[in-house]
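Remarks on the structure that follows.
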Amino acid sequence: MAPPTKQDFINKLRLEKFESEQSKAEESLALLEHIVANASWQTGSELLTLLRNVDIEVSAKLPWETTPRNMVQRALKIVVDEYSSCVGGVSAMNTSGHHTFPQVTMDPTGGVELPKCDQALPDLRDRVLEALAEYRAELEQSDELIAVQGESKIHNDEVILTFDWCGLVLAFLTRAAKKRHFHVIVAEGAPTYQGHRMAESLSRVGIQTTLIQDCAVFPMMSRVNKVIIGTRTVLSNGGIKTDLGAAALASAAKFYCVPLYVCTPTYKFSRISGEEVNHCGSGSAIIPINTPLPSSVNVAVSKFDYVPPENVTSFITNNRGIAPSYVYRHLSELYDPAAYHV
Amino acid sequence: MERKARKQAKKAKKKGGDGNEESKQQQTGKGKTEDKEGQEESSKPKKTVKVDKTEKDMKKETNKPNKTVKVDKVKPAPTPSTSVPNKKEEKKKKTPKEPVQEKQQQTQGSEVGGDEADGATGGKSKAELKRERREKQEAQRLAKMAAKTKAVEEKQPKKKVESQADKKSSTVDKKKKGSGDAGKSGKEKSGDKKSTKRRIPLLGHLTPPALQAPHAPVNSEIIHPAVRTLGIKMKDRVIDGSTARVISTLVALKKLINDYQTPESCDLSRDLAEKLAPNVEYLNACRPQAVAMDNAIRFLKHKVNSIAPNMPEGQAKDELRTAIEDYIKENITLASSAIASHAAYLMQPNDVILTFGYSGLVCEMVEAACKNGNIVNVVVADSPQPPSGLAMVQRLASFQVPTYYRLITDITNVMDKVTKVVVEAEAVMMNGAIQGLCGTTSLALAAATYHKPFIVLCHTYKFCNNDLTDSIVVNELGDADKVVWGPKGSNAGLLAGWQETRNLNVVSLVYDVTPASLVTVLVTEQSVLPTSAVPVIIRRNYADVLGQD
């Protein structure tokens, strides 16, 4: 297998060849491991710069792809931690100071300066690779860890609403279905219609499933006990950015006071906030074939939807549930505050 | 003898409970003397002493007047074992008085004891009589029970025959309830593999769409051909939208009235009403009636009923025809333009209006607004199945109005630029809830979230007396296959086998109900109203029509 390169990875992202966020995360981690293992660097700072270049390139070309950027951020944090523990006691100094209670800010006063890890340590490479391998193991287990929480969240005779395809939610519900008996309603999720795929998978596992149209989400919400969805990105303010239709779903859930759970592994927690970037898809996706429309009509379809944090009840992650208002603290555990490149 | 005693005892009771004991005593005494012809008892002191007992005995056991003889026999009489063959009324009378009687028996036991020997011979015959009576009563009671059980059995097989499918589903229900089904399982009926009528969970009370029109021969005398063609068109959704359906229904019924001839010796109003009923049922079977259609047909029925019996046929038919034409003209055509002008008055230049699907009223409003000089931009949100918004967009483009076409899931991304949300209603409920095509509630919710006014346009003839709080209780199921085959690309037809799959259901709802709290204002031909004015309008204009059932 050819060694992973940045360019290949970015092309693959651009052409949307990844099946899911999980595979993006795994491949980006592979790329980073490759860089750590094989690229020529001496000091920690050089390594940090190399890794951050990946982040810069991806954000320049595909700003909405947050998963690879999150992986880079995580790797940066790992390197800094390993460096500091290698040096022993003396923490890696950066110009803005290393706080015990780091603040996550959009525009760190330190600007784009990375923590200075100037000492050349021979075993840094190995230690970083080890830590990355641990992280990889954690990544692969995240599905399982989230699915296990299904039993405690769902009880018998519930009606659960979900929408669009999400492998995590599927695993979550499948696991719960082994012990509980409940009914799932799936919204089809135009224009991608991945909900059809979800409904088929759920019914194959033996769960009683009903597929409804997106416009029927509000009518059915009055009978729903819980809403469980996946997401593409978790924003730093606790909101989520995900496929079209989630905002309507979340508003309806709020109206009927139905709890909304988001199943997400930690690599989706991102440091961007708000819906700055919204990618537009092709308008022809929503016009049926052979329907002539006058050219004066403006047809477009967005790719993402933003759900504000007040509509989300909690995030179900690898180890525990997180409230939207607590996401900022979780971010500071995951990522190094000074290493963020806006 | 016995009957007289009973009657007298009853009279004694009626006259006054425990009031006039003397009169009672005399009466009972008389009754006893009459009864005791063949008996040797005549000791007055004993009678008087025992009168109380006997009174009570008489009251309790109207069948047994001759109980004064022996205390022994009196005693067992009120006990439950012997009272079983008696009527239930006696039991009830006995039980509260038993302790009192027992006391009296105890006090008078010694005196009575002497009577035993005397009454022995008479007692036997009495005992025999008693036994016979008891047997008769038993026989009668058993006969009654048998008759009852027969009647119940007869009813049960009928019920079974009529509703086998329901029973199957209900037994499946019970099984599922036993296995712990949804807490809201009152409505949940699972699809049984054997039953052809598959019911969807939570929506089991809604009938699936008709695949074929109900059977009716072409030259049927009952179903008029115009109604028949209309039914098929409605079933195939060629004619869609409440206004179009109402107009076409009334036109078809007008043809029916034209071709109608009163048979001799029949009242036109009654006969025509009878002739209309199967036609309306046929339309209902092709596709469940919209609320607006229901109101229009009620109006027609009301009109038919109010035709005087001595009116000549030609004149009656003329009257009905003009009534229908006037109804359409007033309530639909003129009302539409009034609504459009009222709503256009609410528009301001460069307003961005969000609307849903195809709506004739909204198009007219935009046209009127353009004539007034307010150019509005219109964003049409559309659900993928059925894509009625495309026709809307084409019509709007012909008005030279900047038009945008978006998916219903996409509206949150445009809401910050939208200034007003305008929608047409299929019906308005008495509590102010708006029934519209499935998807209008998403717009209402988005309007509420982003603090934009949600304006509903509706003709007043679509107001109805129901009160709906959610969209599931009263709804219509659309064609699920359109949902399955809707997507383009790899997801099309993925669920094509859903009807065979036990765990899978595909649902397409036609209507949804927006709660009144989300509606800012209602625009009708009368004026611009709040939703609380709906029952007022119904009472003022449509009470005679909608009040009838």
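The values are calculated or read from the model by the stated rules, or taken from the named source; none is laboratory data. Remember, predicted model here, so these are calculated numbers, not experimental data. Note: ideal-geometry Cβ built from the backbone for every residue, glycine included; neighbour counts use all protein chains shown.
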* Here are some conditions: (1) touching a residue at least 60 places away in the same chain (Cβ under 8 Å); (2) part of a helix (DSSP H, G or I). B:Lys255 meets all but one. Which one does it not meet? -> (1)
* Filtered residues of the stretch A:296-326 (kept if within 15 Å of the chain's Cα centre (by Cα) and within 14 Å of chain B (Cβ to nearest Cβ)) -> A:Phe304, A:Asp305, A:Tyr306, A:Val307
* Asked: If you go through the stretch A:174-216 one residue at a time, how many are of a type in the set (Val, Ile, Thr), touching a strand residue (DSSP E or B) at 6+ places or on another chain (Cβ under 6 Å) and more than 7 Å from chain B (Cβ to nearest Cβ)?
  -> 3
* Say we look at the stretch A:217-253 and pick out the residues that are at the interface with chain B (Cβ under 7 Å from one of its Cβ atoms) and among the small types (Gly, Ala, Ser); which of these is surrounded by the fewest Cβ atoms within 10 Å (Cβ to Cβ)? -> A:Ser222
* Asked: Inside the stretch A:19-34, can you point out the residues that are farther than 17 Å from A:Ala137 by Cβ and crowded, with 19+ Cβ neighbours inside 10 Å?
  -> A:Glu21, A:Lys24, A:Leu31
* **Long-range neighbours under 6 Å by Cβ, at least six apart or interchain, first residue at positive phi within the stretch A:38-59, second part of a helix (DSSP H, G or I)** => none
* Asked: When you go through B:Gly436, B:Gly373 one by one, which is the residue that is among the small types (Gly, Ala, Ser) and farther than 30 Å from B:Arg539 by Cβ?
  -> B:Gly373
* Of the residues that make up the stretch B:307-314, is at least one more than 22 Å from B:Val366 (Cβ to Cβ), part of a helix (DSSP H, G or I) and out of contact with any Ser or Thr (no Cβ under 8 Å at 6 or more places or on another chain)? -> yes
* Asked: Among the residues of the stretch B:359-373, which ones are surrounded by fewer than 24 Cβ atoms within 10 Å (Cβ to Cβ) and assigned to a loop (DSSP other than H, G, I, E, B)?
  -> B:Gly373
* Under the condition of being touching a Gly at 6+ places or on another chain (Cβ under 9 Å) and surrounded by fewer than 18 Cβ atoms within 10 Å (Cβ to Cβ), which residue from the stretch B:490-500 is modelled with the lowest pLDDT? -> B:Ala492
* Taking the stretch B:508-525 as the region of interest, how many residues are within 8 Å of chain A (Cβ to nearest Cβ) and under 16 Å from B:Ala480 (Cβ atoms)? -> 2
* Structure fact -> Result of the Cβ filter at 7 Å on the stretch B:478-507, keeping first residues that are at the interface with chain A (Cβ under 7 Å from one of its Cβ atoms) and partners that are surrounded by fewer than 18 Cβ atoms within 10 Å (Cβ to Cβ) and not hydrophobic (A, V, I, L, M, F, W, C), at least 6 apart or interchain, is B:Asn503/A:Gly206
* Test: residue in the stretch B:475-489 that is within 30 Å of B:Lys329 (Cα to Cα) and modelled with pLDDT of 85 or more -> yes
* Asked: Of all residues in the stretch A:132-157, how many are surrounded by fewer than 19 Cβ atoms within 10 Å (Cβ to Cβ) and closer than 19 Å to A:Leu260 by Cβ?
  -> 2
* Asked: Taking only pairs six or more apart or across chains, which ones have beta-carbon atoms under 6 Å, a first residue in the stretch B:392-407 that is more than 7 Å from chain A (Cβ to nearest Cβ), and a second residue that is of a type in the set (D, E, K, R) and surrounded by fewer than 20 Cβ atoms within 10 Å (Cβ to Cβ)?
  -> B:Phe399/B:Glu367
* Select from the stretch B:369-391 the residues that are under 40 Å from the mean Cα position of the chain (by Cα) and in contact (Cβ under 8 Å) with a residue 12 or more places away in the chain and list them in ascending order. => B:Val380, B:Ala381, B:Asp382, B:Ser383, B:Pro384, B:Gln385, B:Pro386, B:Ser388, B:Gly389, B:Leu390, B:Ala391
* Asked: Is there any pair linking a residue in the stretch B:260-271 that is in contact (Cβ under 8 Å) with a residue 12 or more places away in the chain to one that is of a type in the set (Asp, Glu), with Cβ under 8 Å and at least six apart or on different chains, and which?
  -> B:Gln261/B:Glu313; B:Thr262/B:Asp271; B:Thr262/B:Glu313; B:Leu268/B:Glu313
* **Residue among B:Val379, B:Val422 that is at pLDDT 90 or above and either more than 10 Å from every other protein chain (Cβ to nearest Cβ) or closer than 20 Å to B:Asn475 by Cα (or both)** => B:Val422
